[in-house]
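What follows is a single structure, written as C-alpha coordinates, with notes after it.
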Amino acid sequence: MPGAGVDGHSGLAMTRDNKLIVRDGASFIHVFDPDTREWRLFDWKLNGPKNGVRVYSKWVWVPRYDLYVGYADYKSPVWVYRHPKNQKGKIVNTTSIQSYLKKAPSGDSVTVPPGIYRAGAIISKSIKLNMEGVRIIGPTHGKGVLLIKNAACPVIIENFRTTDAVRCGNCAGIKIEGKNFNVTVRNSYISNAEMGI
(Lines give C-alpha, C1' and ligand atoms only; values in the text may rest on other atoms or scores of the structure.)
Protein backbone atom coordinates (compact mmCIF):
# COMPACT_ATOMS: atom_id res chain seq x y z
CA MET A 1 0.00 0.00 0.00
CA PRO A 2 1.98 3.03 -1.21
CA GLY A 3 2.10 5.79 1.35
CA ALA A 4 0.94 3.70 4.25
CA GLY A 5 4.29 2.99 5.86
CA VAL A 6 2.91 -0.26 7.29
CA ASP A 7 3.87 -3.92 7.05
CA GLY A 8 2.54 -7.45 7.40
CA HIS A 9 1.80 -7.02 11.11
CA SER A 10 -0.64 -4.21 10.40
CA GLY A 11 -4.28 -4.28 11.34
CA LEU A 12 -6.83 -3.41 8.69
CA ALA A 13 -10.43 -2.21 8.94
CA MET A 14 -12.94 0.29 7.58
CA THR A 15 -14.05 3.47 9.30
CA ARG A 16 -17.67 4.47 9.73
CA ASP A 17 -17.31 6.88 6.77
CA ASN A 18 -15.83 4.18 4.47
CA LYS A 19 -12.15 5.00 4.71
CA LEU A 20 -9.47 2.34 5.08
CA ILE A 21 -7.85 2.46 8.53
CA VAL A 22 -4.55 0.72 9.19
CA ARG A 23 -2.19 0.59 12.16
CA ASP A 24 1.55 -0.05 11.98
CA GLY A 25 1.42 -2.42 14.94
CA ALA A 26 2.61 0.26 17.32
CA SER A 27 1.79 3.96 17.60
CA PHE A 28 0.92 5.09 14.07
CA ILE A 29 -2.56 4.98 12.58
CA HIS A 30 -2.89 5.48 8.81
CA VAL A 31 -6.14 6.34 7.03
CA PHE A 32 -6.69 6.11 3.28
CA ASP A 33 -9.46 8.13 1.67
CA PRO A 34 -10.49 6.46 -1.63
CA ASP A 35 -12.15 9.69 -2.83
CA THR A 36 -9.06 11.91 -2.51
CA ARG A 37 -6.53 9.02 -2.70
CA GLU A 38 -4.70 10.53 0.26
CA TRP A 39 -2.99 8.74 3.14
CA ARG A 40 -3.10 10.56 6.47
CA LEU A 41 -1.10 9.85 9.62
CA PHE A 42 -2.51 9.88 13.15
CA ASP A 43 0.02 9.55 15.97
CA TRP A 44 -1.18 7.36 18.85
CA LYS A 45 2.05 7.74 20.87
CA LEU A 46 0.56 9.13 24.05
CA ASN A 47 -2.19 6.53 24.43
CA GLY A 48 -1.16 3.51 22.38
CA PRO A 49 1.31 0.64 22.70
CA LYS A 50 4.89 1.62 23.44
CA ASN A 51 7.29 1.70 20.49
CA GLY A 52 8.38 -1.80 19.60
CA VAL A 53 5.25 -3.42 21.09
CA ARG A 54 3.09 -4.77 18.32
CA VAL A 55 -0.64 -5.46 18.37
CA TYR A 56 -0.47 -8.74 16.48
CA SER A 57 -4.14 -9.58 16.19
CA LYS A 58 -6.40 -8.32 13.46
CA TRP A 59 -8.07 -5.06 14.36
CA VAL A 60 -11.77 -5.66 15.03
CA TRP A 61 -14.24 -2.81 14.70
CA VAL A 62 -17.03 -2.72 17.30
CA PRO A 63 -19.78 -0.68 15.55
CA ARG A 64 -21.91 -0.15 18.66
CA TYR A 65 -19.09 1.83 20.30
CA ASP A 66 -17.27 2.88 17.12
CA LEU A 67 -13.91 1.62 18.34
CA TYR A 68 -11.27 -0.96 17.40
CA VAL A 69 -9.79 -3.72 19.55
CA GLY A 70 -6.71 -5.94 19.27
CA TYR A 71 -4.08 -7.62 21.42
CA ALA A 72 -0.28 -7.90 21.44
CA ASP A 73 0.13 -11.45 22.81
CA TYR A 74 -1.47 -13.90 25.23
CA LYS A 75 0.11 -12.12 28.22
CA SER A 76 -1.07 -8.64 27.34
CA PRO A 77 -4.38 -6.86 27.84
CA VAL A 78 -6.58 -5.90 24.93
CA TRP A 79 -5.78 -2.60 23.19
CA VAL A 80 -8.75 -0.37 22.46
CA TYR A 81 -8.59 2.48 19.96
CA ARG A 82 -11.22 5.10 19.19
CA HIS A 83 -10.46 7.10 16.07
CA PRO A 84 -10.78 10.89 16.56
CA LYS A 85 -13.73 12.36 14.70
CA ASN A 86 -12.56 15.96 14.63
CA GLN A 87 -8.96 15.46 13.52
CA LYS A 88 -7.80 15.25 9.93
CA GLY A 89 -4.36 13.78 10.51
CA LYS A 90 -1.23 14.70 8.55
CA ILE A 91 -0.84 13.92 4.86
CA VAL A 92 1.78 11.29 4.03
CA ASN A 93 3.62 11.86 0.75
CA THR A 94 3.13 9.05 -1.75
CA THR A 95 6.04 10.36 -3.84
CA SER A 96 9.22 8.73 -2.54
CA ILE A 97 12.42 10.52 -1.58
CA GLN A 98 14.17 8.02 -3.84
CA SER A 99 12.35 9.40 -6.88
CA TYR A 100 13.85 12.88 -6.30
CA LEU A 101 17.35 11.39 -6.11
CA LYS A 102 16.83 9.27 -9.20
CA LYS A 103 16.08 12.34 -11.33
CA ALA A 104 19.16 14.25 -10.17
CA PRO A 105 22.50 13.88 -12.00
CA SER A 106 25.61 13.02 -10.00
CA GLY A 107 27.01 16.08 -8.21
CA ASP A 108 23.65 17.89 -8.16
CA SER A 109 21.88 19.50 -5.19
CA VAL A 110 18.47 18.14 -4.23
CA THR A 111 15.98 19.69 -1.82
CA VAL A 112 13.32 17.22 -0.72
CA PRO A 113 9.93 18.94 -0.29
CA PRO A 114 8.90 19.17 3.39
CA GLY A 115 6.42 16.61 4.66
CA ILE A 116 6.01 13.07 5.97
CA TYR A 117 7.55 10.19 4.01
CA ARG A 118 7.14 6.50 4.74
CA ALA A 119 10.82 5.69 4.06
CA GLY A 120 14.16 7.35 3.41
CA ALA A 121 16.36 6.59 0.40
CA ILE A 122 19.46 4.85 -0.90
CA ILE A 123 22.19 7.30 -1.98
CA SER A 124 24.65 5.79 -4.44
CA LYS A 125 26.10 8.86 -6.16
CA SER A 126 27.57 12.23 -5.34
CA ILE A 127 24.77 14.47 -4.11
CA LYS A 128 24.05 17.40 -1.81
CA LEU A 129 20.78 16.59 -0.07
CA ASN A 130 18.77 19.20 1.87
CA MET A 131 16.10 17.62 4.08
CA GLU A 132 14.72 20.66 5.91
CA GLY A 133 11.20 19.91 7.19
CA VAL A 134 11.28 16.25 6.14
CA ARG A 135 9.91 13.60 8.53
CA ILE A 136 10.64 9.93 7.78
CA ILE A 137 8.57 7.33 9.66
CA GLY A 138 9.95 4.04 8.32
CA PRO A 139 13.22 2.26 7.44
CA THR A 140 14.91 2.03 4.05
CA HIS A 141 15.51 -1.55 2.87
CA GLY A 142 15.59 -2.70 6.50
CA LYS A 143 18.92 -1.01 7.22
CA GLY A 144 18.38 2.57 8.31
CA VAL A 145 16.61 5.82 7.61
CA LEU A 146 19.15 6.96 5.00
CA LEU A 147 21.45 4.42 3.35
CA ILE A 148 24.60 5.71 1.63
CA LYS A 149 25.84 2.78 -0.44
CA ASN A 150 29.03 2.67 -2.52
CA ALA A 151 28.92 6.43 -3.13
CA ALA A 152 32.51 6.96 -4.33
CA CYS A 153 32.07 10.71 -4.70
CA PRO A 154 31.26 13.35 -2.04
CA VAL A 155 27.85 13.14 -0.35
CA ILE A 156 26.56 16.05 1.76
CA ILE A 157 23.49 15.66 3.99
CA GLU A 158 22.00 18.85 5.44
CA ASN A 159 19.15 19.53 7.87
CA PHE A 160 18.41 15.84 8.43
CA ARG A 161 16.17 15.12 11.44
CA THR A 162 14.94 11.78 12.67
CA THR A 163 13.07 11.57 15.96
CA ASP A 164 10.52 8.82 15.19
CA ALA A 165 11.41 5.36 16.48
CA VAL A 166 12.50 3.55 13.30
CA ARG A 167 13.10 -0.14 14.08
CA CYS A 168 14.48 -2.90 11.82
CA GLY A 169 16.75 -4.90 14.12
CA ASN A 170 19.88 -2.78 13.63
CA CYS A 171 18.64 0.46 12.05
CA ALA A 172 20.90 3.49 11.79
CA GLY A 173 19.85 7.08 11.34
CA ILE A 174 22.41 7.22 8.51
CA LYS A 175 24.04 3.96 7.40
CA ILE A 176 27.19 4.21 5.28
CA GLU A 177 28.41 1.18 3.30
CA GLY A 178 31.45 0.85 1.04
CA LYS A 179 35.11 1.90 0.98
CA ASN A 180 36.78 5.30 0.63
CA PHE A 181 33.51 7.12 1.22
CA ASN A 182 33.35 10.90 1.57
CA VAL A 183 30.28 11.91 3.59
CA THR A 184 29.56 15.22 5.33
CA VAL A 185 26.56 15.63 7.68
CA ARG A 186 25.58 19.19 8.64
CA ASN A 187 22.98 20.66 10.98
CA SER A 188 21.40 17.27 11.60
CA TYR A 189 19.87 15.43 14.54
CA ILE A 190 19.35 11.68 15.02
CA SER A 191 17.23 10.36 17.86
CA ASN A 192 15.35 7.10 18.56
CA ALA A 193 17.27 5.13 15.92
CA GLU A 194 18.90 1.89 17.05
CA MET A 195 22.24 3.39 15.92
CA GLY A 196 23.30 6.91 15.00
CA ILE A 197 25.67 7.00 12.02
Flagged in segment 85-131 as over 24 Å from Val183 (Cβ atoms) and hydroxyl-bearing (Ser, Thr, Tyr), in numbering order, are Thr94, Thr95
Looking across segment 94-120 at residues that are part of a loop (DSSP other than H, G, I, E, B), hydrophobic (A, V, I, L, M, F, W, C) and in contact with a helix residue (DSSP H, G or I) (Cβ under 9 Å, 6 or more places away or on another chain), the single one that is surrounded by the most Cβ atoms within 10 Å (Cβ to Cβ) is Val112
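Residue-wise test of (1) assigned to a loop (DSSP other than H, G, I, E, B); (2) under 17 Å from Asp43 (Cβ atoms); (3) free of Cβ contacts under 8 Å to residues at least 24 places away in the same chain.
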{"site": "Gln87", "(1), (2), (3)": "yes, yes, no"}
{"site": "Val92", "(1), (2), (3)": "no, yes, no"}
{"site": "Ile122", "(1), (2), (3)": "no, no, no"}
{"site": "Lys125", "(1), (2), (3)": "yes, no, no"}
{"site": "Lys128", "(1), (2), (3)": "no, no, no"}
{"site": "Ile148", "(1), (2), (3)": "no, no, no"}
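Using the structure shown, decide if Ala104 is at pLDDT 90 or above and over 15 Å from the mean Cα position of the chain (by Cα). I'd like the intermediate steps shown before the answer.
Values: at pLDDT 90 or above: yes; over 15 Å from the mean Cα position of the chain (by Cα): yes.
Against the criterion (at pLDDT 90 or above and over 15 Å from the mean Cα position of the chain (by Cα)), Ala104 qualifies.
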Across segment 28-50, the tally of residues that are surrounded by 14 or more Cβ atoms within 10 Å (Cβ to Cβ), more than 19 Å from Gly115 (Cβ to Cβ) and modelled with pLDDT of 70 or more stands at 1
How many residues of segment 130-142 are more than 13 Å from the chain's Cα centre (by Cα) and either at pLDDT below 85 or buried (at least 18 other Cβ atoms within 10 Å of the Cβ) (or both)? The answer is 1
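Working carefully through the options Ile123, Ile127, Ile156, find the one that is surrounded by fewer than 21 Cβ atoms within 10 Å (Cβ to Cβ), among the aliphatic types (A, V, I, L, M), in contact with a strand residue (DSSP E or B) (Cβ under 7 Å, 6 or more places away or on another chain) and more than 20 Å from Phe28 (Cβ to Cβ).
Details: Ile123 fails: surrounded by fewer than 21 Cβ atoms within 10 Å (Cβ to Cβ); Ile127 fails: surrounded by fewer than 21 Cβ atoms within 10 Å (Cβ to Cβ).
Residue meeting the stated conditions: Ile156.
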Would you mind stating whether Ile137 is touching a Leu at 6+ places or on another chain (Cβ under 8 Å) and in contact (Cβ under 8 Å) with a residue 40 or more places away in the chain?
yes
(1) surrounded by 14 or more Cβ atoms within 10 Å (Cβ to Cβ); (2) within 19 Å of Ala104 (Cα to Cα) all hold for Gly173 apart from (2)
Reported set for segment 127-163 where residues are at positive phi and touching a helix residue (DSSP H, G or I) at 6+ places or on another chain (Cβ under 7 Å) is none
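The values are calculated or read from the model by the stated rules, or taken from the named source; none is laboratory data. Everything numeric in this text was worked out from a predicted model, so none of it was measured. Glycine also receives a Cβ, built like all others from the backbone with ideal geometry; neighbour counts cover every protein chain displayed.
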